[in-house]
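Trainee: Would you mind keeping the following structure in view while I ask a few things?
The values are calculated or read from the model by the stated rules, or taken from the named source; none is laboratory data. Everything quoted here is computed from the prediction, not taken from an experiment. So basically every Cβ, Gly included, is an ideal-geometry build from the backbone, and we count neighbours across all protein chains shown.
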Amino acid sequence: MLNRVIQQFGLQVQSLNEVEDSHSSTVYKCYLSRGEHVFLKIPYTKLKFQRELESYEILKGKVPIPDMLQYWTGDEECPGAFLLSELKGQPLTPHAPLTVAYQVGVLQAQMHSVHPPAGKVLTGIKNEFTNWSNFIEQQFYSFAEDVKSVLDPQLYSRAIEKFENMKNQLPSPDGPSFVHMDFRPANIIVDGNKVSGMIDFESVRFGSTEVDFTKLYRDYLSFNPTLYKSFKEGYNSIRPLIDLEIVLPFYQFTDAFNSIGWCKRRGLEKNAKFYGENVARIKTFLL
């Protein structure tokens, strides 16, 4: 399939490497004979391809993202593919300069300022905002079947009860906004002291902004209160930030629960470390 995609785009590839930490697509970084790097991306499903395609059309000129150089709608064997420009830099880490946290806040607020386009029919990106509570509930219970098969029964029952209690205390949703659903450091590219942009749009929706802070907090902001403060200042410079202290515990809990189900689906042995981390998080919430 890779060779077919390369031929489809007419590329003269000198070398290529598969990109790690890509969970919904197969991604290759290619060095072309004309001396530039590009990325080949093959989503796992047609729906993920369509979401990504619509995201590039909607976000272009509004949020820093790679340039979509070409795309192929695929065939019976391939869901489709993208040829993307390179964003200079590396994935975000907690060791990046403090000024980067401010820029990350700006980046996310810019994305959350994007609303459903009037008059445009979308077939990949759904607007879940009007039924946001149901959407979150459906996601939770879709993973619950997987969680039930690997979690201690008593712990599982307490987790279900905890979810229902916390869900009923949430404030009104904030949106409808473009939400990434996987806004984590691996999808934020930083070049020195400057944020280059963000990548990966296979899971996006229009919905409530509150869902998008969890993974960023888990893998970045929680390491340093100063980072968190700088991030909030950056976000507020574009649009008002919701009260994260109210909504974050609920989404941290559901993220940990859903991640256990994700590990079961993708293979417990292969994802043992991530599975153990999330079981520990669930236990901490239930203490």
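Trainee: Assess whether F129 counts as being of a type in the set (F, W, Y) and either over 30 Å from G197 (Cα atoms) or over 17 Å from the mean Cα position of the chain (by Cα) (or both).
Mentor: Considered against the rule, which asks whether it is of a type in the set (F, W, Y) and either over 30 Å from G197 (Cα atoms) or over 17 Å from the mean Cα position of the chain (by Cα) (or both), F129 comes out as yes.
Trainee: Quick check on region 26-45: of everything there that is surrounded by 14 or more Cβ atoms within 10 Å (Cβ to Cβ) and among the charged types (D, E, K, R), which residue is farthest from F201 (Cα to Cα)?
Mentor: Looking at residues that are surrounded by 14 or more Cβ atoms within 10 Å (Cβ to Cβ) and among the charged types (D, E, K, R), I get K29.
Trainee: Got a number for residues in region 71-92 being over 30 Å from L227 (Cβ atoms) and surrounded by 16 or more Cβ atoms within 10 Å (Cβ to Cβ)?
Mentor: 9
Trainee: Restricting the first residue to region 72-89 and requiring it to be closer than 18 Å to E57 by Cα and of a type in the set (V, I, T), which pairs with a second residue that is part of a loop (DSSP other than H, G, I, E, B) and modelled with pLDDT under 95 meet a Cβ separation below 7 Å and a spacing of at least six or different chains?
Mentor: Listed by first residue and then by second, the contacts come to T73/G80.
Trainee: I'm trying to understand the selection: among the residues of region 138-159, which are out of contact with any helix residue (DSSP H, G or I) (no Cβ under 6 Å at 6 or more places or on another chain) and either surrounded by fewer than 15 Cβ atoms within 10 Å (Cβ to Cβ) or within 30 Å of Q110 (Cβ to Cβ) (or both)?
Mentor: Q138, Q139, Y141, S142, E145, S149, D152, P153, Q154, L155, S157
Trainee: Let me ask another. Quick check on my filter: what residues within region 162-220 are farther than 18 Å from K232 by Cα, among the basic types (K, R) and crowded, with 19+ Cβ neighbours inside 10 Å?
Mentor: Listed by number, the list holds a single entry, R205.
Trainee: Identify, by number, the condition in (1) buried (at least 19 other Cβ atoms within 10 Å of the Cβ); (2) out of contact with any strand residue (DSSP E or B) (no Cβ under 8 Å at 6 or more places or on another chain) that F223 doesn't meet.
Mentor: If we test F223 against (1) buried (at least 19 other Cβ atoms within 10 Å of the Cβ); (2) out of contact with any strand residue (DSSP E or B) (no Cβ under 8 Å at 6 or more places or on another chain), just (1) comes out false.
Trainee: Here is a further query. Within region 184-201, track down each residue that is part of a loop (DSSP other than H, G, I, E, B) and in contact (Cβ under 8 Å) with a residue 40 or more places away in the chain.
Mentor: G192, N193, I199, D200, F201
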